[in-house]
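Okay, structure first, notes after.
Every number here is computed from the coordinates shown, using simple stated rules; none is lab data. Just so you know, these numbers come straight off a predicted model, no measurement behind them. Cβ sites come from the backbone with ideal geometry, for glycine too, and all protein chains shown count toward neighbours.
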Amino acid sequence: MSPEPTNPVPINTNMKTILITGCSSGFGLEIAKHFLDRNWKVVATMRTPDPEVLPASENLRILPLDVTDAASIAAAIREAGPIDALVNNAGIGLLNALEGTPIGKIREIFETNTFGTMAVTQAVLPQFRERRAGVIVNVTSSVTLKPLLLLSIYTASKAAVNAFTESLALELAPFNIRAALVLPGQAPDTRFADNARALMLGIPEAYDDLAQKVFTGWAESTDPKTRSRDVAEAVWSVVTDPAAPSFLPAGPDAVAWAAAR
Ligand SMILES: NC(=O)c1ccc[n+]([C@@H]2O[C@H](COP(=O)([O-])OP(=O)(O)OC[C@H]3O[C@@H](n4cnc5c(N)ncnc54)[C@H](OP(=O)(O)O)[C@@H]3O)[C@@H](O)[C@H]2O)c1
C-alpha cells in the first residue's frame with residue numbers, strides 16, 4: 001500500500017474565475033497576478049496576447065480581446081466559458097485641449113474607455129443573469145473627482161462610465177449581480193502616460209502656457225502617487241467582499257481627492 005502523502009496540497013473545488021481586459025501592462029497585469037496568487041482562475045485578455053508577461057500557471061488563460069471589436073469580444077467571452085467576475089480595465093488616455101483634438105480622436109477614446117466597457121459588460125450579462133451571480137468592476141479614474149486642465153475628453157469618457165455603472169448597478173441588483181467602480185489615482189509606474197503622450201497630436205500653440213503649467217505641476221509634485229498594487233487590492237476587495245463600497249478610490253491621491261469632494 002502506498003503511504004499517505006504528507007502535507008497534501010488542498011484542492012480548491014470552489015475556484016472562481018475572473019476575466020480582465022487590458023492585461024498586457026499596468027493595472028490589468030497587476031490585477032491578473034493578484035488574483036492568480038490568491039487561487040483564482042484568471043482569464044487575462046490582451047489585444048496582442050503575450051504569455052511572457054505573466055507567470056505560467058494552470059489557472060491562467062490568455063485570450064485575445066480588443067474591446068473596440070464586437071467579433072473579438074464575442075469570441076473571447078465564448079472561449080472564456082463561465083466567469084464569476086469581469087474587470088473592465090482596458091483604457092487609453094489623452095491630454096490635449098478640446099480645440100486640438102479632432103472628433104475622430106474623441107470617438108477613439110470613447111470607443112475604448114466608454115463603449116468598450118459597455119460592450120464587454122453586455123457580452124457577459126446573459127450568463128451572470130442566468131446564474132443570478134456575478135460582479136462587474138469598471139476601472140475609471142480619480143480625474144472624475146476633480147476637474148483638471150487639458151483632460152476634458154478623457155475625463156468625460158470615464159465620467160460617463162461612472163454614471164453608467166451607478167445606474168446599471170440598480171438594474172442588475174434584482175438579479176444578484178453587482179456593478180462597482182474603482183477609481184485609481186495617478187500612477188506613473190504603468191505605460192499609461194507614455195501611451196497618452198503618443199496619442200497627443202500636438203497641443204495648439206494658444207494652449208502652450210496651460211500645457212507647460214500641467215507638465216511643471218507633474219514634475220514638481222511630491223504628492224504620494226498610486227501604485228498598481230493599490231488598484232489590484234481595491235479590485236480584490238470589491239470582487240470578493242459584497243459589503244465593499246461600490247465606488248472605491250484606489251491609491252493615496254485618489255483617496256484624498258474623494259475625501260475632499
Ligand atoms: N496610470 C494612470 O495614471 C491611471 C490613472 C487612473 C486610471 N487609469 C485607468 O486604468 C486603466 C489601466 O491603465 P494603466 O495605467 O494600467 O495603463 P497601461 O499600462 O497603458 O494599460 C492599459 C491597457 O489597456 C489596453 N488597451 C488599450 N486599448 C485597448 C483595446 N482597444 N482593447 C483591449 N485592451 C486595450 C492596453 O493594451 P495594449 O498593450 O494592447 O495597448 C493595456 O494593456 C485604464 O482604463 C486607465 O484609463 C490609469
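Counting other Cβ atoms within 10 Å, keep those with at most 10, restrict to DSSP loop, and tell me which trypsin sites (Lys or Arg not before Pro) in the stretch 88-153 are left.
Answer by residue number: Arg132.
Taking only the alpha carbons of the stretch 17-260, what extent do you get along each of the three principal axes, in Å, biggest first?
For the stretch 17-260, the Cα extents along the three principal axes come out at 54, 37, 37 Å.
What FRET efficiency, computed as 1/(1 + (r/R0)^6) with R0 = 51 Å and r the Cβ-Cβ distance, is obtained for Ala74 and Leu210, rounded to the nearest 0.05?
On the way: r = 42 Å, r/R0 = 0.83.
According to the calculation, E is roughly 0.75.
Whole angstrom only: what separates the Cα centroid of the stretch 111-187 from the Cα centroid of the stretch 14-48?
Rounded to whole Å, the Cα centres lie 18 Å apart.
For Val87, list long-range residues whose amide hydrogen, built 1.01 Å from N in the peptide plane, is under 5 Å from its own amide hydrogen.
Residues meeting the amide H criterion: Leu19, Ile20, Thr21, Val137.
At 7 Å along Cα-to-Cβ for each site, give me the label-to-label distance between Ala219 and Asn176 in nm.
5.6
Pick from Leu54, Leu125, Leu149 the residue whose mean-square fluctuation is largest in a GNM of the chain, springs joining Cα atoms under 10 Å.
Per the Cα network of the chain with a 10 Å cutoff, Leu149 tops the list.
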